[in-house]
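Report on the structure given below.
The values are calculated or read from the model by the stated rules, or taken from the named source; none is laboratory data. All figures in this text were calculated on a predicted structure; none of them were measured in a lab. Cβ placement follows ideal geometry from the backbone for every residue including glycine, while neighbour counts extend to all protein chains displayed.
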Amino acid sequence: MKTRYLAKIISLGAALTFLASSFACHKKPSLKTHGAEITQKSYPVRVFGYKTSFVAKTTPQNLGRFFINDLSWINKLSSSLQFQAELKPGLDMSVAGSSMNVTIKMMGLSMPAKIVTLKYVPDKELWLMVLTEESWLIARVEAKSVPDGCLVNLSTLGNISPSAAKLVDTLQFAKVAAARIDYAMATVQHEFDPSLDPKQLTEQGLRGELFEKPFQAYEASIWLNVSPEKAVKRALEPENFKKIFETGQVQGVAECLFAPENLTKWELKPGQPQALPEIIHCPDTSIKMAGIKWETDSFAMMSPADYEHPLTMHATLANLFAEVTLFGKPENEGTRVWLRLVLEPPGNMPNLAEVFMALSGIPQWMKNILIDIKTRTEGVG
């Protein structure tokens, strides 16, 4: 089992490496298929990371209760992290897909955001995502028993959107965020050992390591001879929507989003004001790329009234993070629609691009989906 899993990771890494190198030589190629011109490009996405380890004088069980069950960290850490949270009655953050709305203040910016549980293995592992309009941060927390208490390994990865990057220095922003995380974790240590002073623990600077881990983005676009309103409306017709996902060999997502309990979270009723999109958790989903079927855990946000940003999905696959976004803009009395896939590369993967060249199926995968969207949205009527 482990050998098969390792082989899939190597295959994925090789495919990503090949795509990164091959697209680097072609900034913006155009591919004509069935009379439709598709532009494609690949580019790195700057992602900052911070990792640190510390020992808390407690057990993994108590630490889990602190973060997940009683949510006591919300009030205890809000001052050090400078955020305010809206806690709903009965909120259970141990369930993947659970989320809370927060407001974060940093370097003069006030940012509405969501904290989402991506993954939770009791007493062992917790993945949280902090999601703003276009920026995100993933925090992975692992805990295990040691003689002195509980060893906590924390690793974060964060991307600052281009619009936010125009307002602040991204490296300085990452340093400030890392310092906040450091102080928050020192506060956690103080919670279980009052003799520890968070200020003294952090006064010498960062206790962990700040680093960069560029993600890889793959983006393709096509022009539709239809308005943005009609494009979204037709694409969201149940049969069209399901067929588009089938074309992309994505299983489980369309059925999940159109399930009655989830449909009410995003379907816009006549006269209903547009609301902030809710996180819809779609477990047990999969995607087939490069001849390999990848099991995924997906988190979707649907915004039918936002014609320019109707769908954003985040997923975990092979213990890596991926983001898929569908967005558009009016162009030449029609609509230019983009499909973007952002992938976390496997750590320290050797360059096996030439060997696994045949596994570079992402460009064709994108082409197939966009052509199907064009065919289904440009119908008569």
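Observations
- Hey, residue 143 modelled with pLDDT of 85 or more, in contact with a Lys or Arg (Cβ under 8 Å, 6 or more places away or on another chain) and more than 26 Å from residue 170 (Cα to Cα) or not: yes
- Residue within region 280-294 that is free of Cβ contacts under 8 Å to residues at least 40 places away in the same chain, under 16 Å from the mean Cα position of the chain (by Cα) and assigned to a loop (DSSP other than H, G, I, E, B) present: no
- With respect to the conditions (1) at pLDDT below 95; (2) not assigned by TED's automatic domain parsing to the domain that holds residue 334, residue 226 falls short on a single one, namely (2).
- Boolean, residue 213 is among the charged types (D, E, K, R) and within 18 Å of the chain's Cα centre (by Cα): yes
- Single condition residue 71 does not satisfy, out of (1) on the phi < 0 side of the Ramachandran plot; (2) out of contact with any strand residue (DSSP E or B) (no Cβ under 8 Å at 6 or more places or on another chain): (1)
- Qualifying positions in region 61-97 - among the aliphatic types (A, V, I, L, M) and assigned to a strand (DSSP E or B): 85
- Among the residues of region 80-94, just one is touching a residue at least 40 places away in the same chain (Cβ under 8 Å) and either among the aliphatic types (A, V, I, L, M) or touching a His at 6+ places or on another chain (Cβ under 7 Å) (or both), namely 81.
- Meets criteria (touching a Leu at 6+ places or on another chain (Cβ under 7 Å), crowded, with 19+ Cβ neighbours inside 10 Å and at pLDDT 90 or above) for residue 58: no
- For region 316-337, taking the residues that are out of contact with any helix residue (DSSP H, G or I) (no Cβ under 9 Å at 6 or more places or on another chain) and at pLDDT 90 or above, the one that is nearest to residue 119 (Cα to Cα) is identified as 323.
- Selection count, region 61-71, where residues are touching a residue at least 40 places away in the same chain (Cβ under 8 Å) and either surrounded by fewer than 15 Cβ atoms within 10 Å (Cβ to Cβ) or not small (Gly, Ala, Ser) (or both): 6
Residues checked against (1) surrounded by fewer than 14 Cβ atoms within 10 Å (Cβ to Cβ); (2) under 29 Å from residue 310 (Cβ atoms):
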| site | (1), (2) |
| --- | --- |
| 154 | no, no |
| 158 | no, yes |
| 166 | yes, yes |
| 173 | no, yes |
| 178 | no, no |
| 183 | no, no |
| 188 | no, no |
| 217 | no, yes |
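- Unique residue being among the β-branched types (Val, Ile, Thr) and farther than 21 Å from residue 50 by Cα when the list is 132, 117, 103: 103
- Region 197-209, residues that are surrounded by 17 or more Cβ atoms within 10 Å (Cβ to Cβ) and either within 26 Å of the chain's Cα centre (by Cα) or without any contact (Cβ under 8 Å) to a residue 12 or more places away in the chain (or both): 208
- Taken over region 133-151, the criterion of being free of Cβ contacts under 8 Å to residues at least 40 places away in the same chain and surrounded by fewer than 18 Cβ atoms within 10 Å (Cβ to Cβ) is satisfied by 133, 134, 142, 147.
- Taken over region 345-381, the criterion of being at pLDDT 85 or above and assigned to a loop (DSSP other than H, G, I, E, B) is satisfied by 378 alone.
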